[in-house]
Every structure is written in structure tokens, then in C-alpha cells.
Amino acid sequence: MVSHVSAPATSPDTGVLLDDRYAVEELIARGGMATVYRGHDERLDRTVALKIMHPHLAIDEQFRRRFAREARSAARLAHPHVVGVFDQGEDGDRIYLSMELVEGTTLRGRITEAGRLTVREALRITAEVLEALRAAHGAGIVHRDIKPENILLAEDGTVKVADFGLARAIGSANSTASSSLLGTVAYISPEVVTRGHCDARSDLYSLGVVLYEMLTGVQPYTGEQAVHVAFQHVHEDMPAPSARVATVPREVDSLLTWACARDPQHRPRAAADLLSGIRDLLRSLPAGVLDAAPAAPQDTDTQDVPRVTAHLEDVDLAAAATASSFPLAGDRQRPITSEQEALVASDLTEGDADEPSSAQVAAAPPVTAPAAHGLSESDDEAGTVAREVALPAVPTRRGRHLARPLRGTSGVLRGAAAAAVLALVLGGAGAGGHWYLHQGPGGDRTVPSLAGTDLGAADSTLSSQDLETTTKESFSSDVPSGHVISSTPAPGTVLKRDQSVQLVVSKGVETFPVPKVTGSGLDDAQDQVESRGLKLVEDEGEYSEKVPQGVVISQSAKADALPKGGEVHVVVSKGRTPISIPDQSGRSEDQATKALEDAGFTVTTSTKHSSDVPKGKVAAQSPADGTGHRGDTVELAISSGPEMVKVPSVFNKSEDDATKTLKKAGFTPKVQYDRGAPVLGTVYAQSTNGGEKAAKGSTITISVF
């Protein structure tokens with residue numbers, strides 16, 4: 001946030017180039033924990049705000065880890081009403097944030113300038129802050145330090161909230177501040193005071209206090225010391241702003257009472273609920289009410305409440321001996337101003353509470369609270385009365401309360417006792433507060449149930465409980481990846497703040513890479529798949545002209561890696577495609593050749609004599625039938641007709657000699673006795689004369705005399 005400041009224009013960090021990227025140009029503001037500069041991002045050529053934490057924090061390793069973690073969480077927030085966090089880094093002993101530079105002023109500056117805001121302006125600013133909180137809470141991020149200094153008003157009127165989550169990081173610093181509940185005491189919620197616990201509803205309470213201050217110009221609770229203000233947050237109901245400024249409508253009183261209920265269960269459940277109520281008021285209230293100039297605050301008479309001292313049973317108050325007593329109504333009180341923004345425990349010697357998030361602004365002048373501030377209307381009417389305040393006793397680690405009810409004592413005595421106990425809890429001199437918030441019951445943190453929770457949400461939950469997070473990963477078939485399987489210690493275990501909870505985070509279902517088995521034999525493929533815990537499934541085989549029989553042609557799976565037992569499907573070759581061989585016997589050479597080639601075969605031909613098959617026809621085929629494969633050879637024997645052989649002459653040969661001679665020549669002899677029973681037994685005639693040619697195997701008839 002850019003604003004005129006009285007701080008010197010130079011600083012030891014001016015002119016430094018952080019991480020060879022961010023040029024530190026001009027001092028904007030200096031606070032207890034950090035200094036803010038105008039800077040320039042040399043890589044992206046843009047103006048930024050650079051927040052450099054003070055050197056004493058850089059030596060605290062716990063702070064460095066938590067600062068980096070909270071910065072990463074804040075950087076996830078991308079919202080028009082949130083100051084953007086661009087980068088976080090470390091350069092030597094400098095820990096820094098690179099943030100959006102917002103030109104304008106802070107809400108603190110606006111209240112200082114105007115004194116009090118109109119109802120419309122106050123509700124509008126509150127609504128835009130709630131938009132930011134709704135987004136942050138939805139991402140599991142609690143601001144923890146809502147105050148006017150962290151609400152920026154850009155020159156165009158846009159409201160932006162700064163420093164999301166950084167209050168928690170600063171609260172972890174290994175210094176006197178580390179033992180305390182962090183947060184500006186003027187805006188702190190009761191549960192942070194009593195239990196050190198902060199959640200989304202704590203932000204709503206703090207914003208309600210800011211709304212009260214916008215409407216009235218003063219803080220609702222004031223006191224000489226932080227402990228006095230903290231006590232009132234715990235034990236006083238929020239006063240109605242209309243009691244101070246008559247122009248504030250009762251409807252706004254009711255909404256603010258809802259937001260600032262001391263019991264978180266009685267507050268809005270979420271930022272969206274409170275935002276809805278504010279929008280209803282902006283729609284329903286008359287313009288004259290919304291825009292009315294704020295009336296002057298109404299003064300009331302001062303009432304003195306007697307101071308009472310008493311012995312407290314079973315309570316060792318030695319540690320509280322130097323703590324101030326509860327501020328009674330008779331004391332003139334003053335508010336906690338921006339210079340006095342304090343950490344709750346009075347043992348803090350340094351904090352970031354006085355630091356505007358992105359710019360220095362003039363501190364609001366102290367405003368004297370009304371004399372009867374903190375008293376109810378009935379108290380005011382009754383005159384001087386002893387104030388009775390009920391303070392829940394602090395449980396010990398065994399569950400026993402440190403203080404029993406003070407039976408038979410007056411309200412004044414009980415109020416004084418409660419104030420003393422609170423002083424002891426908050427550590428008037430430092431030692432008691434440190435013990436209570438660390439070794440004592442105030443440091444107790446119960447491990448929540450986080451099973452099934454997203455890691456980011458689980459980390460935010462533990463962070464809100466002041467517990468550290470460590471993680472280890474494990475496979476799980478039941479818990480989605482990135483979600484918590486279990487925690488150690490177990491849920492319900494009581495730890496001390498800043499102790500660690502180990503989260504076992506799911507890596508999802510364990511998977512095994514699917515081996516490449518294409519081209520492998522079936523047995524080899526099965527061995528490869530099963531060795532990785534997977535299952536081989538053989539789908540219907542296919543014929544292949546290229547892949548040999550029994551070899552994997554292809555494989556398929558749902559992913560490159562599968563859980564145990566996952567199926568890997570393969571298609572195994574059945575070898576070459578079989579083709580039926582058609583019988584071409586008796587067909588012409590051309591017909592037979594074409595038919596076989598069309599079927600995919602290669603045809604070769606030869607000729608052979610055949611006395612049965614006409615010339616030019618297929619006399620024989622090999623193979624003659626069955627199946628073959630594409631490209632196989634089928635041989636055809638084409639008939640060249642019968643073989644012609646020279647007929648031997650058997651004239652005058654005996655019947656036996658003639659028969660033998662004809663058979664030897666390849667003919668079939670036929671004997672006839674056309675002249676009766678033979679006398680000489682010699683051949684006197686033959687059907688085909690000797691020397692002529694006849695078809696081999698044909699019949700030659702001889703006549704015997």
C-alpha cells in the first residue's frame with residue numbers, strides 16, 4: 001500500500017537486488033517484524049511491494065519453514081479483494097515476499113481521516129472483506145489478524161485484504177513473541193485469548209470489531225494494558241454502536257452482535273452467512289439511513305467500581321504478582337492505538353502488530369472511552385455497583401480446574417479473582433504466560449481426525465491448531481491420491497503446540513508398468529506380465545502373413561501402468577491365413593491358371609501325355625486339394641494327348657510271341673480266331689499294320705490261323 005510516510009527515504013536494503021530479480025527501490029513502511037519497500041521485478045518488468053522480514057527472524061529455522069509454508073498458502077489465493085502474493089524467497093539473511101503493490105490508503109488511514117464512516121461505506125467495506133474471507137476460508141486459510149491496517153483501500157475504491165496467514169508464521173518465531181497468542185489485542189477473539197485457538201469464525205469476530213470502529217471511530221474495548229482489553233473480549237458482550245452514534249440503525253446493532261458473539265457457536269457459520277446479512281441491510285435500509293452523516297458520540301457518566309482484594313483458594317498467584325489488576329470502570333481508560341497494537345501475552349517484547357501490511361499510515365489519535373465503557377445499561381442505571389464477571393477456570397492437564405468456585409464471596413471478589421487468573425494465564429511478567437502457552441494447559445492441542453482429508457486442508461487444519469506437519473507417502477487402494485490415510489499420533493492424542501503430526505498421504509493405488517510383449521512368444525509374454533503382478537488375457541487369435549504362429553501380434557491395456565492383477569490383453573498369431581485349393585482337373589490351362597491365381601496361389605504348368613484327358617486340358621494337379629497359403633505354388637500338368645508309339649509287326653509270329661511283342665511296345669493285344677480253331681498258331685493279320693503309329697496303350701487286334 002503506497003502512502004506518505006515520515007520514515008527516512010533510505011534504508012540498508014535500498015538498492016539491493018534480491019535473488020538477481022527484485023530491485024529494492026523505495027522505503028514504504030517499517031514495522032516490528034518487517035520493512036516494506038516499493039520494488040521492481042526485473043524479470044517480468046512490473047512494480048511490486050517487497051516485504052523483507054527483520055534479520056532476527058531469519059535465524060529462526062522454524063520461522064523460515066512456517067513463513068515459506070504460509071506464503072505458499074497465501075499465494076494460492078487469487079481473488080480481486082486479496083492482495084496478491086507473487087513470490088517468496090530467501091537471499092542470504094533476507095526473507096522476503098513479493099506482493100501486489102496497491103496504490104491508495106489503509107482503512108486505518110480512512111478512519112483517521114473521516115473520524116467515522118457512514119453506514120453504507122462501513123457495510124460496503126465489510127462486505128468486500130467478507131468476499132476475501134469467503135475465498136480464503138474456502139481454501140482452508142484463516143487470516144488470524146484482521147484489523148484496519150491489513151485492509152487496503154485502492155484509489156478506485158476496491159477493498160483488498162493483506163497478509164493472509166502471515167500472522168501465524170510470525171507467531172512461530174523463536175523469540176519472546178513465540179510464546180504468545182498472536183494478534184492485535186483490540187481485535188482478538190475470545191477463543192484466542194482463552195484457548196489459543198483460531199478458526200474462520202475468529203476472523204468474523206475481528207471483522208465485527210473493525211465494523212464497530214468504522215461506525216463509531218473508536219474501538220469497543222480499551223484499557224491501560226493489553227491484558228485489560230483481552231479480559232473484556234472474553235467477558236463483555238460487544239456494545240451496540242448505536243449507543244455511541246445515534247445514526248447507526250438497530251439492524252446494524254443486531255448484525256454486529258451476531259458477528260461478535262463471544263461463543264463461536266453463536267456466530268455466523270461462515271463468511272458467506274454474514275455477507276448475506278450485510279447485503280440484506282444494504283438493500284433494505286433507506287438511503288437516508290445508509291448515507292446519514294455520523295452523529296457525534298454520546299457521552300455517559302463515569303461510574304466507579306470498588307476495587308476488592310481477596311485470597312483465591314488453590315491458586316498460586318505468585319506469577320501474577322506484577323500483573324495489572326482488571327481495569328475497573330472508575331479508571332480512565334484509553335484504546336489500544338496503532339502504535340500500541342499488542343500481542344495478547346504481556347511477555348512479548350516485539351511483534352508485527354504495529355506494522356501496516358503494505359504501507360505506513362498515521363496512527364489514529366487516542367480516543368477517551370466513555371466513562372461507563374464496558375458497563376451494561378442496567379449497570380449504568382443502578383449506580384455504583386460491584387462488577388461480577390464469570391471467568392471459566394483453566395483446566396489442568398489432568399482435567400482438574402485450577403480454581404474452585406468462590407462460594408460465599410461477592411461479585412467484586414469473583415471479578416478480582418478472575419482478573420488475577422487471566423493475568424496469570426497471559427503472563428504478566430512473561431514467565432507464567434510462557435509456561436501456560438507451552439508446557440502448561442494452554443499449550444495442549446488435540447490431534448484432529450484427518451483421515452480422508454486432502455493434504456492441503458489437513459495441513460491448514462494442523463496449522464490452525466499450532467501443530468507442525470510432516471508427511472510420508474504410501475500406496476492405498478481405498479484413499480485417493482493426495483489424501484490422508486492416517487496420522488501419528490492417532491486422533492484424540494493431546495500434544496503441545498508446535499509438536500509434529502506425521503500424516504501418511506496416499507499415493508493412490510500402486511501400479512506396475514505394463515511390459516511390451518508384442519513380438520514375443522506366448523509363453524515368454526505370460527512370464528513377463530505375471531512377473532509384474534499383472535494378468536495376461538489371450539484374446540481371439542488372428543491370422544497373419546508376417547507374424548509366425550504363436551507370437552504376439554498386438555497388446556492392449558487401460559493404461560501404461562496397472563494395479564496388481566490388472567489385465568493385459570494380447571492377440572496371438574494363428575499363422576498364415578489358410579486358403580482352400582480348388583481342383584482344376586479337366587479344365588483348360590487358361591481357366592485353371594486364372595482360378596488358382598485369383599485364390600492367391602502361384603501356378604506352374606507342365607505337359608503330359610494322357611490317353612484319358614483331351615489335349616490342352618488339366619490332366620493332373622499338385623497339390624490336388626486341401627488347403628494352402630497365399631503365394632504357395634500349385635503345379636498343373638496339361639494333357640498333350642495320348643503318346644503315339646510305332647506298332648511292331650507281328651505277322652507270322654506265334655500267338656505267344658506276338659502278344660509279348662505288342663505288350664512290350666506298350667499296346668494291349670487282343671487275339672481273335674476268326675477262321676476257327678488255330679491249326680498253325682501263327683498271326684496272319686493285325687489291326688494296325690507294323691510300322692504305323694498308334695496311341696500307346698491302345699488295343700492292337702491280331703488274327704491267329
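Listing for the model above:
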read-out: Check on Arg532, among the charged types (D, E, K, R), in contact (Cβ under 8 Å) with a residue 40 or more places away in the chain and at negative phi; value: no
read-out: Looking only at region 584-607, and only at residues there that are of a type in the set (D, E, K, R) and exposed (fewer than 15 other Cβ atoms within 10 Å of the Cβ), the one that is farthest from Pro513 (Cα to Cα); value: Asp590
read-out: Single condition Ala619 does not satisfy, out of (1) part of a loop (DSSP other than H, G, I, E, B); (2) of a type outside the set (Ser, Thr, Tyr); (3) under 27 Å from Gly697 (Cα atoms); value: (1)
read-out: Matching residues in region 47-84 - criterion: being outside any helix (DSSP H, G or I) and without any contact (Cβ under 8 Å) to a residue 24 or more places away in the chain; value: His54, Ala78, Gly84
read-out: Condition met for Arg64 (at pLDDT 90 or above and either farther than 26 Å from Gly138 by Cβ or of a type outside the set (A, V, I, L, M) (or both)); value: no
read-out: Sole residue being in the same structural domain as Ile700 (by TED's automatic domain parsing), surrounded by 13 or more Cβ atoms within 10 Å (Cβ to Cβ) and in contact (Cβ under 8 Å) with a residue 40 or more places away in the chain, chosen from Pro648, Pro623, Pro669; value: Pro648
read-out: Filter pass, Thr194 being over 34 Å from the mean Cα position of the chain (by Cα), more than 30 Å from Leu290 (Cβ to Cβ), at pLDDT below 95 and hydroxyl-bearing (Ser, Thr, Tyr); value: no
read-out: Every residue from region 483-506 that is closer than 30 Å to Ser531 by Cβ and either polar (S, T, N, Q) or surrounded by fewer than 16 Cβ atoms within 10 Å (Cβ to Cβ) (or both); value: Ser506
read-out: Selection count, region 270-296, where residues are in contact (Cβ under 8 Å) with a residue 60 or more places away in the chain, under 26 Å from Arg134 (Cα atoms) and surrounded by fewer than 13 Cβ atoms within 10 Å (Cβ to Cβ); value: 0
read-out: Residues located in region 1-24, provided they are at pLDDT 90 or above and either closer than 26 Å to Gly157 by Cα or in a loop (DSSP other than H, G, I, E, B) (or both); value: Val16, Asp19, Asp20, Arg21
read-out: Number of the exception - Ile125 against (1) modelled with pLDDT of 95 or more; (2) not assigned by TED's automatic domain parsing to the domain that holds Val209; value: (2)
read-out: Residue check for Arg195: buried (at least 19 other Cβ atoms within 10 Å of the Cβ) and among the basic types (Lys, Arg); value: no
read-out: Selected residue (only one of Gly208, Gly223 is at pLDDT below 95 and either more than 24 Å from Leu133 (Cα to Cα) or not β-branched (Val, Ile, Thr) (or both)); value: Gly223
read-out: Thr222 surrounded by fewer than 24 Cβ atoms within 10 Å (Cβ to Cβ), of a type outside the set (A, V, I, L, M, F, W, C) and either assigned to a helix (DSSP H, G or I) or over 40 Å from the mean Cα position of the chain (by Cα) (or both); value: no
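Rundown of residues vs (1) assigned to a loop (DSSP other than H, G, I, E, B); (2) outside the structural domain of Val517 (by TED's automatic domain parsing), yes/no style:
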| site | (1), (2) |
| --- | --- |
| Val568 | no, no |
| Pro582 | yes, yes |
| Gln591 | no, yes |
| Glu597 | no, yes |
| Gly600 | yes, yes |
| Thr604 | no, yes |
| Ser610 | yes, yes |
| Pro614 | yes, yes |
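Conditions tested, residue by residue: (1) closer than 30 Å to Gly575 by Cα; (2) modelled with pLDDT of 90 or more.
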{"position": "Asp590", "(1), (2)": "no, yes"}
{"position": "Ser606", "(1), (2)": "no, yes"}
{"position": "Ala624", "(1), (2)": "yes, no"}
{"position": "Asp632", "(1), (2)": "yes, yes"}
{"position": "Ile638", "(1), (2)": "no, yes"}
{"position": "Thr659", "(1), (2)": "no, yes"}
{"position": "Leu662", "(1), (2)": "no, yes"}
{"position": "Gly666", "(1), (2)": "no, no"}
{"position": "Asp674", "(1), (2)": "no, no"}
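Residues checked against (1) of a type in the set (Gly, Ala, Ser); (2) assigned to a helix (DSSP H, G or I); (3) farther than 22 Å from Arg269 by Cβ:
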site	(1), (2), (3)
Glu90	no, no, yes
Tyr96	no, no, yes
Thr112	no, yes, yes
Ala122	yes, yes, yes
Ala135	yes, yes, no
Asp145	no, no, no
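The values are calculated or read from the model by the stated rules, or taken from the named source; none is laboratory data. Fair warning: this is a prediction, and the values are worked out from it, not measured in the lab. We place every Cβ from the backbone using ideal geometry, glycine too, and count neighbours over all the protein chains shown.
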